[in-house]
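J.: Would you mind keeping the following structure in view while I ask a few things?
The values are calculated or read from the model by the stated rules, or taken from the named source; none is laboratory data. Computed from a predicted structure; not experimentally measured. Cβ placement follows ideal geometry from the backbone for every residue including glycine, while neighbour counts extend to all protein chains displayed.
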Amino acid sequence: MKKFLSIALSIFFLSLPVDIIAVDVTQELLDSVGTQPPTFELKKVDEIYIPFQNGVPYPSWETQDREYVVLSGTWKSQRQNLNHKLTLAKRTTKIIELLEEEGEGRHASEYDDSQWTDKIIPGVENPSPDRYQDGAWYRRRFFVPTAAIGKYVKLMFDAANYFTDVWINGRWIGCHEGGYTPFAFDATKYLNYGEENVITVRVDNIPWLPDADKSREALKTNDHNIVPYKTCDWWNYGGITRDVYLELSPLVSVVRADIKSRILDEKTAELYVYVVTYNSGQDDVNADIKLKVFATDIRDDNILEPNAKKIANLKKPVPCEGEITKRVTLKANEAKPSKFKVTLKNVRLWSPEEPTLYVLRVELGGKKKLDEFYTQFGIRKIGVDKENSKLVFNGEHIFLRGIARHELFYGEKIGISEYGPERTLGDFKLIKEANANFIRTAHYPNRQHVYILTDRFGLLVWEEIPVYWFEGPELNVQVARGIARQMWFEMIYRDYNRPSIIIWGTVNENSWQKERGLFIKDLRENAYKVDGTRLVAQSAAASDPTDATQNECDLLGFTTYYGVFYGSSYYDDTKAALKKSHAAFPGKPIISTEYGIWAPYGDLSQEDIQVFLAKDTFRAFTELPYVCGATWWAAFDWHTMINEPQNMGAITMDRKLQKAVFFQLQRQHASLATDLNVEIQELRKENILSGRKDITAEVKKKEKAEVVELSIDGVNFRRMDPKKDDIYSADFDTTTFPDGNYTILVRAKSKDGLYVSDFVRVAIENIDDPPVVALNLKDGGAVMEKVNLTALATDDRSQPTLAYSIDGCEPGPMEYLEAGIFQAIWDVSELEDGSKHEIVISALDSSENLTEKKITVIVDNKPGNYIDLLFNHDWTSWNKNYGDGTGWDFPAEELPASNSAFIHSGDGKIKFKFGDKADSALNNLECSKQELNFAPGTYTKVHILASMHNGGGNLPFILQYTDGTQEKIFVEFSDWWGGNPIHGEEIGILCSHHHESSGDKKPQVGIYIQTIEPAKGKILSSITLPSEDRFHIFAMTLEGEVSNDAIPQPTILEPKADSVLGDVIKIVAEDKEEDITKVEYSIDKGDWQPMLPSPDGLYIAEFDTSKVVGPNHTINIKATDKINQIAIRSVKVRIINKVTIVFPFEGTSLYKSAEILVQPRANREVRKIEFQVDNSPFMEMKPSKDGLYANEWKISKSYAPGSTHTLTVRELEEGGGVTIDSVKVTTDAVKILIAEPVSGHKISVDKSLRDWIGILPEQENTATVSEGEYIWN
């Protein structure tokens, strides 16, 4: 028998029911209006694109010499759980009314907000560790002077996250979607002039979903149609996060002036200036536009000045030729572009080394000046040398020495008080001190002043929108919705004139190549359409170095985490991958958009790993001529929703402490820009210093260094004295420092301002301190069975030796494992329950200094009520076999003893039983909706020992009770990484490190405890686990009483499983429990029907099978006892009330021949069964196995390929009965439709049998057609 299957896969977005929170909104209404479209649009006027937002021209966002009403300061705020589906609904009159109803009048001017919380704006709603992601309302009263009458008044938000609605004096004026780009409204007609006004803002920070959760519950909150939609590696700050203000412009004003420059020669440049003017008044206006360019005078005392006019040297105009004056006619409410072509003489180009800026002044008017507008700009050119695969800046090849930086948000908790431009400038000084010339401003547009300052301070920039970790369907949604495209345009037009920005970033580490390629192409084409002066790129994961979507990019951007997240070698694997990328995309230079690894400050071993990675990975970059840049991730530690905090920075979050990698970055960046070299003499890593020490360093350079300085831990630099032969020295008195570990740093400054340093880690020890010991057990805690005694011991000079003693007995040695960890196993299984025992851990260092750690524990060997878990996964490995497990594992040495119970003494005493840690043994349960059954009981708690990988999650557990009810309880678990329980869990087991296939690695990792409380008074009988393969359970324990009441145990006596039935059938059940009150039956998912008890203790019912359709059915029996406990049993049967064709089924495609299989009618004596095709004669069929009838149909060559035929079967019964069945089939038509092909696999066809008919797939796949059968591997 040959079977041919036609497979087609499609992706659907399901509209799921909405949870109504504050207002009764029907799904039908929301579906009918759809989602809110973009509020940004491009309009083509006189062949020039003008950006519009909310119906008015999009401003430049640069501060002008205009009057402003600053709305920053103290507001009133109140949180409200919002309906996120309503938030995203298209703003019709009805939807706005529903928003106001949901807000219970919060929008109204007269609303009493006196009891609301005071809130400083700008300021984040949810600083870490507050994980609130939902709605908030904000209100403020403000005054607008009467002088504003006759002005064009714009209400301007630098940003609010995520979806914002605004009311002024109770009237809704507009909305905006997106959390990192600015938006404005024409507020002119909504204001009370010379009086008090009230502004109300509703901000819905729609929750990000852990790991792109697609469950029904998750999709009620977030339909995967926002940007970003899944949990990202930074904090999801909500609220009004940036400045809010009113800008008062003349009725006829200059809205923006966009500048493109072209370098003609070393001292001459051509400018194309696109000036947008707007007449917001009711009268037509004729006016002149005049351009003038000035040099700038940027100093320390004005570098932070936001107004470009105030950095311009108005006494030093730049010689201009060409179009500097034009006349414009503006009708009422009209915006017009005017294009100017201007040649500048005696110009200097902008570069990181010489960030030369100019200021353009645009005057609008005639005899009377109507308005003037200022913008800073620079002249530079970025491009690609395809022949040499190089990045070209101002005509020369350039290497981008990069560091990334996450934005500082007002009100976030990072240990500083200054969040504005002054702090940003301080950050940039530190970044430049690391000899960087390039920054990537994280994964979202930063505040505008960031890019004003990169222009002035001299840093090249990659700026991007937050399309982070998107998958294909979500990218398709954004192509349709256009919100990501709106963010793209808002970013480009806000920062149009910033010469420091050389790359627009489209996406970060997205998957699904076909959809991603189309998405990037759309953004790239739009960037070229409105800008064209910058490169367009993506930050793709380097785990696929030949990612085809790079065809859509101007240069290749890859996050390179070889040896961290994939691969095993920082250097070899990085270099090999980049070679593959170059071979796949010759002509395109490559930039590492991210490289780095985490290291908490003070964790010396991990800081050393950071340094080693930086050095080795950077070496791979610089040895390949087509690599044009590398970006360390990141400059500073930051807050993240994934594994808080994230400590990959080179400097601590509070900007106070530089890690060793900072100086390594400084050193390796300098190696590309100067021949200056610094080497500390004599000192080596792990030297122990005491007393006074002469620190010497050799400083080599063709030209003498300007200054050479010594520092301890990067602070309080002091000059070193020059000696002969390029040697510098300084006296270091170690007695002025407490004993501990320090970084000695020597740096030299070149005449071009670059710092070059060398550093060495040392220990200062003027006092030999005794060892420090920490034990894994709690004083007064309980122990049972095999106790894993684990101690962490450190010493200031050498590794100590450890021993343990129980109740004063002879001490026994503890085994040294790694990283200061010692261990011994103590078997307490034979000790008396309740007995107390003293444990003494003794640590002895090389100077005979002794530390003793004493605790008392209580033995409790009574077993817990453990749930049996059918382990299916290994997530542990031993030091001797790092390759065991997954390759990213918990260290077996630090886990409880194999197959032994242990007691967690935390908030309460919880007993768990751990699995087998032996190599290749299964020791945890990877969850896939398994049902856990156990003795029913009135349990008060269910304790879960578990962890997650690749992010945390909110997971549904379904509790089944013996009364037939069930309860869904959501439990949050955190990622194992970092051992940081961010969802309120207890730490069950904290390991000091983890294992990778290459060895011991930081950071620490954790297994956590969460507790479920079942419904009171109910008897719990089973739990269904989540369907989530990232979630792993190591142990589960029940707390409470096993039920004394046996649950019903029904048995189905008739019919038997897999019976073939027909006509009226008898259903017979039995339950020997004495307290059964009723027994019922149902067919499939139908209603329960009563069964009648018989004298012999059975329960009986009859059912007419003619009432059901189709052959396959389930008969269910439910027994209920006196306390309403129930139990359900089921059997599957086939109901055949007529002869039935088993194969071929309806629509089957057949080739050459087919075996026809037929099921006879039940409960009948068959005389014969026969079949026919179309109108051909009937042919008799023969009895076959399993009670079926069979015959072979040989398909004639006369049947055309793809033709349709009717196969008819009839049964002739003794006594004269006849039944018939038929199906339609096709002959020789195989069509294979393939969705989401997997590159590198193939379809093979055995063409010796027949010709291949069908649609060839776009990519090769895992399908094989062989001997007429289609097989999905």
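J.: Of all the residues that make up the range 77-103, how many are surrounded by fewer than 22 Cβ atoms within 10 Å (Cβ to Cβ), touching a helix residue (DSSP H, G or I) at 6+ places or on another chain (Cβ under 9 Å) and assigned to a strand (DSSP E or B)?
T.: Final tally of qualifying residues: 1.
J.: Tally time: how many residues in the range 880-911 are outside any loop (DSSP other than H, G, I, E, B) and acidic (Asp, Glu)?
T.: Total meeting the criteria: 3.
J.: Same structure, new question: Which residues, taken from the range 104-119, are in a loop (DSSP other than H, G, I, E, B) and of a type outside the set (D, E, K, R)?
T.: GLY105, HIS107, ALA108, SER109, TYR111, SER114, GLN115, TRP116
J.: Please work out if GLY123 is of a type outside the set (S, T, N, Q) and in contact (Cβ under 8 Å) with a residue 12 or more places away in the chain.
T.: Taking the combined requirement at face value, the residue satisfies it.
J.: Of the residues in the range 120-166, how many are in contact with a Pro (Cβ under 9 Å, 6 or more places away or on another chain) and assigned to a strand (DSSP E or B)?
T.: Qualifying residue count, the range 120-166: 5.
J.: Within the range 516-526, is even one residue in contact with a Cys (Cβ under 7 Å, 6 or more places away or on another chain), farther than 12 Å from ILE382 by Cβ, without any contact (Cβ under 8 Å) to a residue 60 or more places away in the chain and in a strand (DSSP E or B)?
T.: no
J.: Tell me the strands (runs of 3 or more DSSP E) entirely within the range 314-373 that contain at least 2 residues that are in contact (Cβ under 8 Å) with a residue 60 or more places away in the chain.
T.: Per the criteria, 334-345, 358-365.
J.: Given the condition more than 30 Å from VAL611 (Cα to Cα) and not in a strand (DSSP E or B), answer yes or no: does some residue in the range 799-808 qualify?
T.: Scanning the range 799-808, I find at least one residue that is more than 30 Å from VAL611 (Cα to Cα) and not in a strand (DSSP E or B), so the answer is yes.
J.: Looking only at the range 765-786, count every residue that is assigned to a strand (DSSP E or B) and farther than 29 Å from ASN741 by Cα and tell me the total.
T.: 3
J.: Still on this structure, please answer the following. Pick from LEU922, LEU932: which is in contact with a strand residue (DSSP E or B) (Cβ under 8 Å, 6 or more places away or on another chain) and over 22 Å from GLU986 (Cβ atoms)?
T.: LEU922
Each row is one residue, and each column tells you yes or no for (1) more than 30 Å from ILE379 (Cβ to Cβ); (2) acidic (Asp, Glu).
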residue	(1), (2)
ASN205	yes, no
LYS220	yes, no
PRO228	yes, no
TRP234	yes, no
TYR237	yes, no
ASP265	no, yes
TYR272	no, no
SER280	yes, no
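J.: Being crowded, with 21+ Cβ neighbours inside 10 Å, in a loop (DSSP other than H, G, I, E, B) and not small (Gly, Ala, Ser) is the filter here; which residues of the range 646-656 pass it?
T.: Passing the criteria: ASN647, MET648, MET653.
J.: Applying the selection to the range 801-830, what residues are in contact with a Ser or Thr (Cβ under 8 Å, 6 or more places away or on another chain) and in contact (Cβ under 8 Å) with a residue 24 or more places away in the chain?
T.: LEU802, ALA803, TYR804, SER805, PRO811, ALA819, GLY820, ILE821, PHE822, GLN823, listed by residue number.
J.: Scan GLY150, GLY178 and give me the residue that is at positive phi, in the same structural domain as TYR229 (by TED's automatic domain parsing) and surrounded by fewer than 23 Cβ atoms within 10 Å (Cβ to Cβ).
T.: Result of the check over GLY150, GLY178: GLY150.
J.: Then there's this: Got a sec? Which of THR277, THR241, THR296 is outside the structural domain of GLU490 (by TED's automatic domain parsing), touching a helix residue (DSSP H, G or I) at 6+ places or on another chain (Cβ under 9 Å) and touching a residue at least 12 places away in the same chain (Cβ under 8 Å)?
T.: After applying the criteria, what remains is THR296.
J.: Quick test of your reading of the structure: THR886 fulfils all but one of (1) touching an Asp or Glu at 6+ places or on another chain (Cβ under 9 Å); (2) touching a residue at least 40 places away in the same chain (Cβ under 8 Å); (3) of a type outside the set (D, E, K, R). Name the failing condition by number.
T.: (2)
J.: Just one of the numbered conditions (1) in contact (Cβ under 8 Å) with a residue 12 or more places away in the chain; (2) farther than 30 Å from GLY629 by Cβ is not true of VAL746; which one?
T.: (2)
J.: Please state which one of ILE382, ILE416, ILE403 is loosely packed, with under 15 Cβ neighbours inside 10 Å and hydrophobic (A, V, I, L, M, F, W, C).
T.: ILE416
J.: Give me the residue from the range 850-899 that is of a type outside the set (A, V, I, L, M) and touching a Cys at 6+ places or on another chain (Cβ under 8 Å) and, out of that set, nearest to ASP1000 (Cα to Cα).
T.: Among residues in the range 850-899 that are of a type outside the set (A, V, I, L, M) and touching a Cys at 6+ places or on another chain (Cβ under 8 Å), the one nearest to ASP1000 (Cα to Cα) is PRO891.
J.: Also: Considering the range 181-207 alone, what residues qualify as being crowded, with 23+ Cβ neighbours inside 10 Å, of a type in the set (Ser, Thr, Tyr) and touching a helix residue (DSSP H, G or I) at 6+ places or on another chain (Cβ under 7 Å)?
T.: THR181
J.: What about GLU996, is it surrounded by fewer than 22 Cβ atoms within 10 Å (Cβ to Cβ), closer than 30 Å to SER605 by Cβ and under 27 Å from the mean Cα position of the chain (by Cα)?
T.: The answer is yes for GLU996.
J.: Quick one: in the range 772-803, which of the residues that are farther than 14 Å from VAL840 by Cβ and either hydrophobic (A, V, I, L, M, F, W, C) or not assigned by TED's automatic domain parsing to the domain that holds GLU832 (or both) is surrounded by the fewest Cβ atoms within 10 Å (Cβ to Cβ)?
T.: The residue in question is ALA774.
J.: Examine the range 464-480 for a residue that is buried (at least 21 other Cβ atoms within 10 Å of the Cβ), on the phi < 0 side of the Ramachandran plot, outside the structural domain of ARG348 (by TED's automatic domain parsing) and over 18 Å from the mean Cα position of the chain (by Cα), and state whether such a residue exists.
T.: So far as the range 464-480 goes, no, none of its residues is buried (at least 21 other Cβ atoms within 10 Å of the Cβ), on the phi < 0 side of the Ramachandran plot, outside the structural domain of ARG348 (by TED's automatic domain parsing) and over 18 Å from the mean Cα position of the chain (by Cα).
J.: Still on this structure, I have one more. Quick one: GLN930 ticks every box in (1) surrounded by fewer than 19 Cβ atoms within 10 Å (Cβ to Cβ); (2) touching a Leu at 6+ places or on another chain (Cβ under 6 Å); (3) within 17 Å of GLU893 (Cβ to Cβ) bar one, so which box is it?
T.: GLN930 satisfies all of (1) surrounded by fewer than 19 Cβ atoms within 10 Å (Cβ to Cβ); (2) touching a Leu at 6+ places or on another chain (Cβ under 6 Å); (3) within 17 Å of GLU893 (Cβ to Cβ) except (3).
J.: Looking at VAL1108, VAL1068, VAL1060, VAL1042, which one is in contact with an Asp or Glu (Cβ under 6 Å, 6 or more places away or on another chain) and either surrounded by 13 or more Cβ atoms within 10 Å (Cβ to Cβ) or under 30 Å from PRO863 (Cα atoms) (or both)?
T.: Unique residue meeting the criteria: VAL1068.
J.: Which residues, counting only those in the range 551-579, are surrounded by fewer than 24 Cβ atoms within 10 Å (Cβ to Cβ), not in a loop (DSSP other than H, G, I, E, B) and not hydrophobic (A, V, I, L, M, F, W, C)?
T.: Of everything in the range 551-579, those that are surrounded by fewer than 24 Cβ atoms within 10 Å (Cβ to Cβ), not in a loop (DSSP other than H, G, I, E, B) and not hydrophobic (A, V, I, L, M, F, W, C) turn out to be ASN551, GLU552, THR559, TYR566, TYR571, ASP572, ASP573, LYS575, LYS579.
J.: Looking only at the range 1173-1192, how many residues end up being touching a residue at least 24 places away in the same chain (Cβ under 8 Å) and either surrounded by 13 or more Cβ atoms within 10 Å (Cβ to Cβ) or of a type in the set (D, E, K, R) (or both)?
T.: Selection size over the range 1173-1192: 10.
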